[in-house]
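Trainee: Just passing along the structure, written as structure tokens.
The values are calculated or read from the model by the stated rules, or taken from the named source; none is laboratory data. Note that the structure is predicted; figures quoted are calculated from it, not measured. Here Cβ is always computed from backbone atoms with ideal geometry, including for glycine, and neighbour counts include all displayed protein chains. Remember, those area values only see protein heavy atoms, side chains included, never the ligands or the DNA or RNA. Shrake-Rupley method; radii C 1.70, N 1.55, O 1.52, S 1.80 Å.
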Amino acid sequence: MRKKIVAGNWKMNLSLEEAKTLVSELKVNLDNQSADRVAQNASNLPVVVLFPPYIYLTRILDVFYNYEGVSVGAQNCHQNDQGAFTGEVSASMLRSVGASHVIIGHSERREQFGEDDGLLAEKMRQALKNDLTAVFCCGEKLPERESGKHFQVVSDQLHKGLMWMEEKQLEKVVIAYEPVWAIGTGVTASPDQAQEMHAYIRSLIEDKYGSRAAESMSILYGGSCNAKNARELFSNKDVDGGLIGGASLKPADFFQIIQSF
Ligand code: PGA
């Protein structure tokens, strides 16, 4: 069965104190939830993945050291292993501090930092080489959707960014569909729009790698997903969870999203 995942992308937000408060509240909720689930003998908990800014990574990793069901990763990595790249952080450094995940190809990186498909493919290689699970983001802009090009855009991003991999490598990949027009705007894709694109993405994986790979790929939705709309979005058969921005900064909301399966 493929994994259900709720991931929190904090972006460039929170002071260290705020981050500590957020994770301690989250942990209390998760502890209570686990106790409840054990009592009910239920096991369908999603995996939670937190993506704090680099500078907080080791602190947050310490909080969740050996804590079942919570992983911690970075929002980006450099495409090289090491060297004279002032201000950058490599995938091997992430691995060395114990991070298990990395986001690659977020639309803010594509747009504001000029990261193109070729560069993102290099970053994917680095992530895999260092045994990180890569959360690869794809998604169309509003004019692309309005002109009916959204499937083509997403297909191109996936082919160039990751569909050069071997089937086995896909085990360390999660796809996040994040329509750019929905990110941070309060406008969410409708459950039908999300399901339609997720099913399409799964069909692309199936065409190239077969049904086993397609069935095991977790495909997350991102873009103004919140405590109110998560349940409806996650109830779609091809939506395996969410990559949550703004709502992941509010512990009660984020916890409610985690419980939305
Ligand atoms: P949002 O961001 O939930 O604030 O729209 C999602 C994301 O950018 O990953």
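Trainee: With every protein chain left in place and a probe of 1.4 Å, what is the accessible surface of MET124, to the nearest 10 Å²?
Mentor: Approximately 0 Å² for this residue.
Trainee: At a Förster distance of 22 Å, what's the computed FRET efficiency of LYS149 paired with LYS208, Cβ-Cβ distance as r, to 0.05?
Mentor: That gives a FRET efficiency of 0.60.
Trainee: Between GLN169 and THR58, what FRET efficiency follows from the Cβ-Cβ distance if R0 is 30 Å, with the result rounded to 0.05?
Mentor: With a Förster radius of 30 Å, E is 0.65.
Trainee: Sticking with this one: With viscosity set to 1.306 mPa s and temperature to 10 °C, compute the Stokes-Einstein D of the chain, Rh being the Kirkwood radius across alpha carbon pairs; µm²/s, no decimals.
Mentor: 86 µm²/s
Trainee: With only Lys, Arg, Asp and Glu charged, each at its Cβ (+1 for the first two, -1 for the last two), find how big the charge dipole of the stretch 5-258 is about the Cα centre; round to the nearest 20 debye.
Mentor: 240 debye
Trainee: Determine the gain in length on full extension of the stretch LYS141-GLU232; use 0.36 nm per residue of separation and subtract their C-alpha separation, reporting nm with one decimal.
Mentor: 30.5 nm
Trainee: Counting only C-alpha contacts under 8 Å and six or more residues apart, can you give the relative contact order of the chain as a whole percent?
Mentor: 21 percent.
Trainee: Can you give me the long-range amide H partners of SER71? Hydrogens built in the peptide plane at 1.01 Å from N, cutoff under 5 Å, separation of 5 or more residues or another chain.
Mentor: Amide H neighbours of SER71, under 5 Å, 5+ apart: VAL48, VAL49, LEU50.
Trainee: Let a ≥ b ≥ c be the square roots of the eigenvalues of the Cα gyration tensor of the stretch 61-101; is it rounded (a/c under 1.5), or, if not, prolate (a/b larger than b/c) or oblate?
Mentor: Taking the square roots of the gyration eigenvalues as a ≥ b ≥ c, the stretch 61-101 is prolate.
Trainee: I would also like to ask the following. For a Förster distance of 35 Å, can you work out the FRET efficiency between the beta-carbons of ARG2 and GLN82, rounded to the nearest 0.05?
Mentor: 0.55
Trainee: How far is the Cα center of the stretch 77-146 from the Cα center of the stretch 192-231, in Å?
Mentor: 20 Å
Trainee: The stretch 22-123: which chymotrypsin sites (Phe, Trp or Tyr not before Pro) are DSSP loop and have at most 16 other beta-carbon atoms within 10 angstrom?
Mentor: In loop regions of the stretch 22-123 (DSSP not H, G, I, E or B), the sparsely surrounded chymotrypsin sites (Phe, Trp or Tyr not before Pro) are TYR65, TYR67, PHE85, PHE113.
Trainee: Right, another one. If Lys and Arg each add +1 and Asp and Glu each add -1, what is the summed charge of the other residues whose beta carbon sits under 15 Å from the beta carbon of SER24?
Mentor: -1
Trainee: For the chain, the longest stretch holding no GluC sites (Glu not before Pro) located in a DSSP loop with at most 12 other Cβ atoms within 10 Å is which?
Mentor: After excluding every exposed loop site, the longest remaining stretch is 69-165.
Trainee: Report SER211's accessible area, 1.4 Å probe, all protein chains in place, as a number in Å² to the nearest 10.
Mentor: 70 Å²
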